[in-house]
1. Counting Lys +1, Arg +1, Asp -1, Glu -1, what net charge surrounds residue 117 among other residues with beta carbon under 12 Å of its beta carbon?
2. If the viscosity is 0.692 mPa s and the temperature 37 °C, what Stokes-Einstein diffusion coefficient in µm²/s follows for the range 4-148 when Rh is the Kirkwood radius over Cα pairs?
3. Relative to the longest principal Cα axis of the chain, at what angle does helix 164-173 sit, 0 to 90 degrees, rounded to 10?
4. If you put +1 on each Lys and Arg Cβ and -1 on each Asp and Glu Cβ, how big is the dipole of the chain around its Cα centre, in Debye rounded to 20?
5. Would you mind checking the tilt of helix 59-75 against the longest principal axis of the Cα atoms of the chain, expressed as 0 to 90 degrees and rounded to 10?
6. Under the rule of at least 5 residues apart or a separate chain, name every residue whose amide H is placed under 5 Å from the amide H of residue 51.
7. Would you please state which residues of the range 115-130 a label at residue 50 would reach in this model, taking the label point 7 Å out along Cα→Cβ and a backbone N cut-off of under 19 Å?
8. Working from Cα positions, state the angle (0 to 90°, nearest 10) between the long axis of helix 79-100 and the longest principal axis of the chain.
Amino acid sequence: MTSPASSKRPLWTVVAVLLLGAAALWGASRFVWFAELTDGGVRGMILQTQTGAQRSAALLPLAVLAVAGVAGMVATGGWARRVLGIVMSVAGLAACWVAIDGVRFSGFPAGAPVWQIFTGRGLALLGGILVVLGGLIAIKHASAMPRLGARYAAPSVKKTARDPDTELWEALSEGEDPTRDS
């Protein structure tokens, strides 16, 4: 039999991993993801940059989805938690795709914040991996994790083996003749 603390461990692991994944995705949206030189006319060549949120509109919604997934993991149980785990895994894979889509390793203009570009995309990849991991843990341990309100649910009825003498006395108490064959 598992202890109550050990049955809660997968739930808190999923919650922590999804929150870390959401934070990484939000942080990745704040870094510069793209830089190029454009002709500014009289001003000459101008370095244009775009943040992760400007470059990919999916980063912030994926981070919000991961936070909402935390609430869903705590509130649901059983097959609904497994479905939510699948949704989280797919969302994490989408975040990984956003992180690697269009990445380049050379050809940056002079003065481009290359470290920000790689840090932002790396954070998005890490966030996607964490969200996938949270979803997979939720799928695997869905039935073992406690759910909201489970403490107040009616316990299941257990049929225990009863003493034959006790059954005879209860039959007498109910007005039946236990010695009569039916």
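1. Values: positive: 55, 104, 121; negative: 36.
Taking every other residue near residue 117 into account, the sum is +2.
2. Approximately 204 µm²/s, per Stokes-Einstein.
3. With both axes taken from Cα atoms, the answer is about 70 degrees.
4. It comes to approximately 1040 debye.
5. Helix 59-75 sits at roughly 10 degrees to that axis.
6. 33
7. Residues 115-125 qualify, since their backbone N sits under 19 Å from the label point.
8. Helix 79-100 sits roughly 10 degrees off the main axis of the chain.
We did not get these values from a lab; they are worked out from the coordinates using the rules stated. These numbers were taken from a predicted model, which means no experiment stands behind them. Positions of Cβ are backbone-derived with ideal geometry, glycine not excepted, and every protein chain shown enters the neighbour counts.
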